[in-house]
1. Chain pair C, A: how much accessible area is buried, both chains summed, with a 1.4 Å probe, in Å² to 100?
2. Give me the percent of accessible area attributable to carbon and sulfur for region C:2-82, probe 1.4 angstrom.
3. Looking at the P(r) of chain C, how many percent of alpha-carbon pairs lie beyond 15 Å?
4. Please report the accessible area of B:C46 (heavy atoms, 1.4 Å probe, ligands and nucleic acids excluded) in Å², nearest 10.
5. Per residue, how large is the accessible surface of the protein assembly as shown? Use a 1.4 angstrom probe and give square angstrom.
6. Accessible area lost on pairing A with B, both sides, 1.4 Å probe, Å² to nearest 100?
7. Probe 1.4 Å, all protein chains in place: accessible area of A:H41 in Å², nearest 10?
8. Under the Kirkwood approximation applied to all pairs of distinct alpha-carbon atoms, what is the hydrodynamic radius of the protein assembly as shown in Å?
Amino acid sequence: MIFAKVIGTVVSTQKDPKLTGKKLLLCKEVDHSGKPLESYHVAVDAVQAGEDDFVLLTYGSAARMTDLTKDAPIDAVIMAVIDDVNVQESA
Amino acid sequence: MFLAIIKKTVTATEKHPAYRNRHVFVVQPVLPDGKEKGDEWVAMDCVGAGIGDLVVCGGAPGVARELFSLELAPIRTLIVAIVDHIDYRDIVTEKNES
Amino acid sequence: MKLGRVIGQVWAVNKVHQLKSCRLFVVQPVHSDGHQSGHPLVAADPQNMAGVGDRVVYVTNTDAAQAFDTGTAPVNAAIVELVDFVD
């Protein structure tokens, strides 16, 4: 899983039938403190995330292991909206 | 998944059975603002996309096998959606979060 | 499988149902001698055994979902052992 921030919505009418009704969100990868990194990801939203939300994104074949994304041709899913992260850097 | 622009069509006569009657394109990954980034990929269409379209590409081991109900599917990257438009606001500056 | 140290916890109320009763941790990969190796990652703790500061064994990729009783969960890493010692 990686940390990401939702920065927008990708709107598409012509898509694979298994993606119908699923929201595609544009995300930017961030670190655990919320600092933006380089990469962008388009991910299916499984938890009603919204713009500016700090989220956890699962990638690869594991992304199809939610009820929403089962058997869908996708490789990234937002599976949690993060409330807080505590990290002890020196631990 | 990632955003990409469809650049070229790949035409082949000799192909793996899983590739029969399917369109394969050269796609160039782009940033949300349309700037090209990174190396191009070859992707299989499953939505009726064409040259110049902005698309969402993705796929993971096993996806194509399930999608096309094939026993063997040596297919990794799929074009899964054609983008109408993107509403977004990029974040570039470091945010000081406590 | 790899060795890691739990360095933080991720708090999320809104998450997919497979993860409802499962905590999420930030894990720093470490060598057996304790040195850090590579970047921290997020791992689920399906058996609820770890806490911050613990040394653990985690699995990644397709094997991670196998750590859940149901065998399916949308995760890329899961904690499978709480390490007592390595010698």
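1. Numbers: alone 5460 and 5920 Å², together 9200 Å².
Answer for the C-A pair: about 2200 Å² buried.
2. Working: 1780 of 3620 Å².
About 49 percent, which is the carbon plus sulfur part of the accessible surface.
3. Working: 1941 of 3741 pairs.
Percentage above 15 Å: 52.
4. 30
5. 49
6. Values: alone 5920 and 7310 Å², together 10250 Å².
Chains A and B together bury approximately 3000 Å².
7. 40
8. One over the average 1/r among Cα pairs gives 19.5 Å for the protein assembly as shown.
The values are calculated or read from the model by the stated rules, or taken from the named source; none is laboratory data. Quick caveat: nothing in here was measured; it's all calculated off a predicted structure. Methodologically, a virtual Cβ is constructed for each residue, glycine included, from the backbone with ideal geometry; neighbour enumeration extends over all protein chains shown. Heads up: the accessible areas ignore ligands, DNA and RNA and are worked out on the full protein's heavy atoms, side chains in. Shrake-Rupley method; radii C 1.70, N 1.55, O 1.52, S 1.80 Å.
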